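I have placed the structure first, in the form of structure tokens, so that the comments after it can refer back to it.
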Number of protein chains: 2
Amino acid sequence: MNRYAIGVDFGTESGRAILVDVADGRTLASAVHAYGNGVMDRTLPADAGGAALPPEWALQDPDDYLQVYRTTIPEILRASAVAPHDVIGVGIDFTACTMLPVTADGTPLCNVPEFRGERHAWVKLWKHHAAQPQADRINQVARDRAEPWLARYGERISSEWFFAKALQILEEAPHVYQRADRLIEAADWVVWRLTGEERRNVCTAGYKAMWSRAAGFPSNDYFGALHPDFADVVDSKMSRELHDLGERAGGLSDEAAAWTGLLPGTAVAIANVDAHVAVPAATVVEPHRMVMIMGTSTCHMVMAPDEQTVPGMCGSVEDGILPGRFGYEAGQSAVGDHFGWFVDHAVPPAYHDAAAARGQDIHVYLQELAGDLAIGESGLLALDWWNGNRSVLVDTGLSGLLLGATLATVPEEIYRALVEATAFGTRVIIETFEANGVPIHDIVACGGLAEKSPLIMQIYADVTGKTFRISASDQTPALGSAMHAAVAAGARAGGHATIEDASRTMARLRDTAYEPIPENHVAYDTLYREYVRLHDYFGRSGNDVMKVLKGVRARARAGRTAGTSAAVGV
Amino acid sequence: MNRYAIGVDFGTESGRAILVDVADGRTLASAVHAYGNGVMDRTLPADAGGAALPPEWALQDPDDYLQVYRTTIPEILRASAVAPHDVIGVGIDFTACTMLPVTADGTPLCNVPEFRGERHAWVKLWKHHAAQPQADRINQVARDRAEPWLARYGERISSEWFFAKALQILEEAPHVYQRADRLIEAADWVVWRLTGEERRNVCTAGYKAMWSRAAGFPSNDYFGALHPDFADVVDSKMSRELHDLGERAGGLSDEAAAWTGLLPGTAVAIANVDAHVAVPAATVVEPHRMVMIMGTSTCHMVMAPDEQTVPGMCGSVEDGILPGRFGYEAGQSAVGDHFGWFVDHAVPPAYHDAAAARGQDIHVYLQELAGDLAIGESGLLALDWWNGNRSVLVDTGLSGLLLGATLATVPEEIYRALVEATAFGTRVIIETFEANGVPIHDIVACGGLAEKSPLIMQIYADVTGKTFRISASDQTPALGSAMHAAVAAGARAGGHATIEDASRTMARLRDTAYEPIPENHVAYDTLYREYVRLHDYFGRSGNDVMKVLKGVRARARAGRTAGTSAAVGV
């Protein structure tokens, strides 16, 4: 008798559900729902008054998440013809930190009529960057107080994380903060909506809210030093009770059963984060194997049996990826985004025409041309900082650099230089892990770039000197969520006893692996040395020109807004 | 009774003649002839066997120059309806160093049948860059011997110059060198073709052949140290008799009169160089006023009453621009070429479409968008080294750099950053002059960029803090040649006694001047400081990454040619 599990992956623009066989991980059906209100970065929805949002804001509508349940799960049940009683569990993963203020029963504040027009009542999406002043103070106060947890996060807390966003609500909209009974990760909130019970996960707490198994959250003293009314934020708005990944959060409520067509009581797993849940779904349950989730940005996930201080990581969390291991996360804030930017803004008509004439996507066409180049033939070198540097420099004030252009430089050379730059950035991350007690034996990649571009993967293998394997699933995070659902259901229900069991049974690799070609690796060593020299010069205080330019830019834009433009008069 | 002079400007792709009134400089007619064989950088002409040329070669066909005389002068006479006896003189200017081997009677060796298929028998155009090994040795031997003349040329002789090209002929084709009775600048050769007499000019000798009024040419000992058979190059292949600019080279020969429709005996002026002849035609006859000839590249010309050692100039030559002054030349090897490269290789279809829809040239469209940006608003900074750096670093091994890009960077921002980079490069040149005893009071610009782009000129004024005036003529070099023709004819023939007189009478400025806007100059100071920091770091041995990359590129290409490509195998 076959048993099935459902994984729901909540992304930035849409949510996707898949239905998989717990015996072999085979996907029987998949469905996507694009969020009706998408990413709100200009205005609130019309029915909320449509107020304009300041720069750097990025909100979402929590009803869009529930709509994912209502549309995709019925659709995959229908498409797969699987009976609801054969579905043993549901698991979800989410972007993080994506958080919202809710009432005690879980009602989003933005759905409370008197708060609907209040921007702070809505979901703050992971890429809401307007809490930078709060993040700056979080870091400054932590440094001043020598808070021990700062080292676990590369000595810098991001404006994207939980307490920066929470503090922004308190400071900019105290009435919203006051009215919010709970501040919660959207990941935990969507699980709550399925079960009717608030059960928070250790993963987002550890990676986004400075929690650790050993030390818990930062002290109330510390939070009080940020703002007197913030001292009790954990106890008054959050929870110190946290649940391990793979635990059963509860059974499906009658209401959620009605939304989805599943049976009431179906096991629901504790929430997970998209990058973290991908690790066992990419077959990795052992220490010292890296999983790279490669898309517009890249996350680098690796586990170790012990805690090491690795400078410039996003975070290291005990049990943060798999129970019983320390999970390390690093990242590159733009990878595919570099190539997307280039194609949108810097590729001339002749190339678009040639790709169209051949019926090729422009990326495929450029990669084909770039693949014909020998290593170093372009004479170009880039720093992959078009969106700052997340690891190991942890500095959003850095910006992109392209060096070596001549009058003979052609687009495919720049495209390849950008690919190589992101590979060099990954090598810096790997070498930083390895130099700090976390050796990396090999790498499993998943995500769009890994699946679609042999050239990119071979360059990564050649640059890093590591073997790259590719996850067989084209929806690795959703598969990971389904695996966690199978674990939450448990072996007796036909699921799995542990995530390791689920991984061995349900996760697969593709047959193709990318092995480093020794002479290419040697050729890239020369370029990598130059990359590191530029990386350290511009990234480690040799020359602060990127910061100076960003400062000038900010003042120029502010002056323009204020009507005192310094535009050149001709 | 009106008197007229003809100026012929021999450019890279074509030659242009204008007929002007010597009383006021008014142009009555203008005609262009494109060289039939153009720039030969791939093969010799079919009637010479069509042999392939190696990389970095650039040749021309001397018959194309004579064809300019035969077509353009009859055409301007016809168009202006000026009678030949009212034309008092002809002057020419040429690119330099553009040189050829000829027999004793001036016949180009490439027109001697047994040499026609020999590539070294043709004209080596200024941008023939295949004599780099010879230039390297010229420099090394000069440094080893502490040759005093090296300081006049920024401590570095270019592969474009006379003796590098001559030595290449000797070393690679000794039979051609042997057979050549004379090695001569094309400038002097086309004058010889008009008059029947070999009369060489001081300008190309000074700027391109290491000659000076005080010291003459380098010693035979020095030339002998380069190659034993090169010791007597000056005496056996050239001439120590040199003539000042504005002198009469001779009268038009019967043969040349027949080509042109002018009268035999019409005064012909000593040859000049395009950039140098532009100075008095841009109204500048005083010291300390810079003339910038702005096109694909830019030349910076300035005179001083005395000799100063200004590091990194192209050269300083007594009487090299105007008699009685020291003339200094500096340059930027790519200016308009940057913008042309960008438009050809890095502007997406939407911009081309928008420009076309508005009936605008893409440069005009981009400049319009770029003009709406405040200073520093792009956050970008570039080094204008897409074609190396001619002054003040004198280093073709440098390459382009763009810094500050983000995912929000748009094409007009990069375009403006490239314009600004070239303006910063000019400011470095100006400041180097001023720091070394050659103050610059103001600037007169001529050439395509100066005439067509108010935005670019205002940025140059704002960046440098100098007033930019614009030459009224849209053919400033040709006007300068006509002015020298009027001087060669002399006052008694209705011309002018001196080039200063000719300049005051015949040269004009436009009414528009570009004044630096004080607050813009201050705003650019910040960006310029950062430019200089990058300029010195990459240009003055802080980081040799550009050289390393060019070395890697050269090896990658050589490997590819040799069939041992290191291309990535996928």
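The values are calculated or read from the model by the stated rules, or taken from the named source; none is laboratory data. Just so it is clear, the model here is predicted, and its values are computed rather than measured. Cβ: placed from backbone, ideal geometry, glycine included. Neighbour counts: every protein chain shown. Only protein heavy atoms, including side chains, enter the accessible area calculation; ligands, DNA and RNA are left aside. Shrake-Rupley method; radii C 1.70, N 1.55, O 1.52, S 1.80 Å.
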- Item | Unmet criterion (only one of (1) open to solvent by 10 Å² or more (accessible area, probe 1.4 Å); (2) touching a strand residue (DSSP E or B) at 6+ places or on another chain (Cβ under 6 Å)) for B:Arg137 | (2)
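Just the residues that are in a strand (DSSP E or B) and under 25 Å from the mean Cα position of the chain (by Cα), please, taken from segment B:60-94. Break it down into steps so the answer makes sense when it comes.
As a first pass, look at segment B:60-94 and keep what is in a strand (DSSP E or B): B:60, B:87-94.
Once the filter is applied, which keeps residues that are in a strand (DSSP E or B) and under 25 Å from the mean Cα position of the chain (by Cα), segment B:60-94 yields B:Gln60, B:Gly89, B:Val90, B:Gly91, B:Ile92, B:Asp93, B:Phe94.
If we scan segment A:196-203, do we find a residue that is assigned to a loop (DSSP other than H, G, I, E, B), open to solvent by less than 40 Å² (accessible area, probe 1.4 Å) and in the same structural domain as A:Ser14 (by TED's automatic domain parsing)?
The first filter runs over segment A:196-203 and keeps only residues assigned to a loop (DSSP other than H, G, I, E, B), leaving A:196-199.
Narrowing further to those that are open to solvent by less than 40 Å² (accessible area, probe 1.4 Å): none.
No: zero hits.
Taking the options B:Ser391, B:Ser316, name whichever one is at pLDDT below 95, away from chain A (no Cβ under 11 Å) and in contact with a His (Cβ under 9 Å, 6 or more places away or on another chain). Write out each step before concluding.
Working: B:Ser316 fails: in contact with a His (Cβ under 9 Å, 6 or more places away or on another chain).
Within the list B:Ser391, B:Ser316, the selection yields B:Ser391.
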- Note on the structure: Scanning segment A:226-247 residue by residue, those surrounded by fewer than 19 Cβ atoms within 10 Å (Cβ to Cβ) and either not acidic (Asp, Glu) or not assigned by TED's automatic domain parsing to the domain that holds A:Ala83 (or both) turn out to be A:His227, A:Pro228, A:Ala231, A:Ser236, A:Ser239, A:Arg240
- Task: Mind listing whichever residues of segment B:1-59 are in a strand (DSSP E or B), within 30 Å of B:Asp501 (Cβ to Cβ), small (Gly, Ala, Ser) and touching a Ser or Thr at 6+ places or on another chain (Cβ under 8 Å)?
- Result: B:Gly7, B:Gly15, B:Ala17, B:Ala29, B:Ala31
- Name the residues in segment B:226-242 that are free of Cβ contacts under 8 Å to residues at least 24 places away in the same chain and not aliphatic (A, V, I, L, M), would you? B:Pro228, B:Asp232, B:Asp235, B:Ser236
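Identify the residue in segment B:210-222 that is crowded, with 23+ Cβ neighbours inside 10 Å and among the hydrophobic types (A, V, I, L, M, F, W, C) and, among all such residues, is farthest from B:Asn139 (Cα to Cα).
Initially, segment B:210-222 is screened for residues crowded, with 23+ Cβ neighbours inside 10 Å, giving B:210-211, B:218.
Right, trim to among the hydrophobic types (A, V, I, L, M, F, W, C) and you get B:210-211.
Details: B:Met210: 12, B:Trp211: 15 Å.
Across segment B:210-222, the extreme among qualifying residues is B:Trp211.
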- Message: Out of everything in segment B:212-225 that is within 23 Å of the chain's Cα centre (by Cα) and touching a residue at least 40 places away in the same chain (Cβ under 8 Å), what residue ends up being farthest from B:Glu185 (Cα to Cα)?
- Response: B:Arg213
- Query: With respect to the numbered conditions (1) part of a loop (DSSP other than H, G, I, E, B); (2) within 7 Å of chain B (Cβ to nearest Cβ); (3) open to solvent by 50 Å² or more (accessible area, probe 1.4 Å); (4) not hydrophobic (A, V, I, L, M, F, W, C), which one is the sole condition not fulfilled by A:Asn543?
  - Reply: (3)
- Message: So the check is Cβ under 7 Å with 6+ separation or different chains; which pairs have a first residue in segment B:71-85 that's of a type in the set (Lys, Arg) and a second one that's open to solvent by less than 30 Å² (accessible area, probe 1.4 Å) and in a helix (DSSP H, G or I)?
- Response: none
- Message: Looking at the structure I just gave you, is A:Tyr222 closer than 21 Å to A:Leu322 by Cα, among the hydroxyl-bearing types (Ser, Thr, Tyr), part of a helix (DSSP H, G or I) and in contact with an Asp or Glu (Cβ under 8 Å, 6 or more places away or on another chain)?
- Response: no
- Query: Considering A:Thr422, A:Thr464, which residue is open to solvent by 10 Å² or more (accessible area, probe 1.4 Å) and within 14 Å of another protein chain (Cβ to nearest Cβ)?
  - Reply: A:Thr464
- Item | helices (runs of 4 or more DSSP H) fully within segment A:95-179 counting 3 or more residues that are within 27 Å of A:Pro311 (Cα to Cα) and within 18 Å of the chain's Cα centre (by Cα) | A:162-172
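Please go through segment A:355-375 and give me each residue that is touching a Ser or Thr at 6+ places or on another chain (Cβ under 7 Å) and open to solvent by less than 20 Å² (accessible area, probe 1.4 Å), ordered by number. Outline the logic, then answer.
Within segment A:355-375, the subset touching a Ser or Thr at 6+ places or on another chain (Cβ under 7 Å) is A:367, A:374.
Across segment A:355-375, the qualifying residue is only A:Ala374.
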- Message: Conditions first: (1) part of a loop (DSSP other than H, G, I, E, B); (2) surrounded by 20 or more Cβ atoms within 10 Å (Cβ to Cβ); (3) at the interface with chain B (Cβ under 10 Å from one of its Cβ atoms). A:Val343 passes all but one, so which condition is the exception?
- Response: (1)
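Do we find that B:His352 is at the interface with another protein chain (Cβ under 7 Å from one of its Cβ atoms), open to solvent by 20 Å² or more (accessible area, probe 1.4 Å) and modelled with pLDDT of 95 or more in this structure?
On the way: at the interface with another protein chain (Cβ under 7 Å from one of its Cβ atoms): yes; open to solvent by 20 Å² or more (accessible area, probe 1.4 Å): yes; modelled with pLDDT of 95 or more: yes.
For B:His352, the condition - at the interface with another protein chain (Cβ under 7 Å from one of its Cβ atoms), open to solvent by 20 Å² or more (accessible area, probe 1.4 Å) and modelled with pLDDT of 95 or more - is met.
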- Could you please tell me which pairs satisfy a Cβ distance under 8 Å, a separation of 6+ or placement on different chains, a first residue in segment A:243-256 that is under 15 Å from A:Gly495 (Cβ atoms), and a second residue that is basic (Lys, Arg) and part of a loop (DSSP other than H, G, I, E, B)? A:Glu247/A:Arg199; A:Ala249/A:Arg199
- Message: List pairs: first residue in segment B:95-117 and free of Cβ contacts under 8 Å to residues at least 12 places away in the same chain, second residue of a type in the set (D, E, K, R) anywhere in the structure, Cβ distance under 9 angstrom, at least six positions apart or on different chains.
- Response: B:Asp105/B:Asp181; B:Glu114/B:Arg179
- Task: Could you tell me whether B:Ala486 is more than 9 Å from every other protein chain (Cβ to nearest Cβ), in a helix (DSSP H, G or I) and at pLDDT 95 or above?
- Result: yes
- Query: Can you pull out the residues in segment A:319-340 that are open to solvent by less than 10 Å² (accessible area, probe 1.4 Å), more than 14 Å from chain B (Cβ to nearest Cβ) and among the hydrophobic types (A, V, I, L, M, F, W, C)?
  - Reply: A:Ile321, A:Leu322, A:Ala330
- Message: Filter segment B:509-525 down to the residues that are buried (at least 17 other Cβ atoms within 10 Å of the Cβ) and of a type outside the set (Phe, Trp, Tyr) and list them by number.
- Response: B:Pro516, B:Ile517, B:Asn520, B:His521, B:Ala523
- Message: Going through A:Ile456, A:Ile470, A:Ile429 one at a time, which residue ends up being in contact (Cβ under 8 Å) with a residue 40 or more places away in the chain, open to solvent by less than 10 Å² (accessible area, probe 1.4 Å) and over 20 Å from the mean Cα position of the chain (by Cα)?
- Response: A:Ile456
- Looking only at segment A:385-405, which residues are open to solvent by 10 Å² or more (accessible area, probe 1.4 Å) and free of Cβ contacts under 8 Å to residues at least 60 places away in the same chain? A:Trp386, A:Leu402
- Residue hits (segment A:369-388; closer than 25 Å to A:Met313 by Cα, at the interface with chain B (Cβ under 7 Å from one of its Cβ atoms), not in a loop (DSSP other than H, G, I, E, B) and not aromatic (Phe, Trp, Tyr)) are A:Leu381
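What's the total number of residues in segment B:394-408 that are under 29 Å from B:Pro454 (Cβ atoms) and more than 7 Å from chain A (Cβ to nearest Cβ)?
From segment B:394-408, those under 29 Å from B:Pro454 (Cβ atoms) are B:400-406, B:408; that's our starting set.
With the extra rule that they be more than 7 Å from chain A (Cβ to nearest Cβ), the set shrinks to B:408.
Final tally of qualifying residues: 1.
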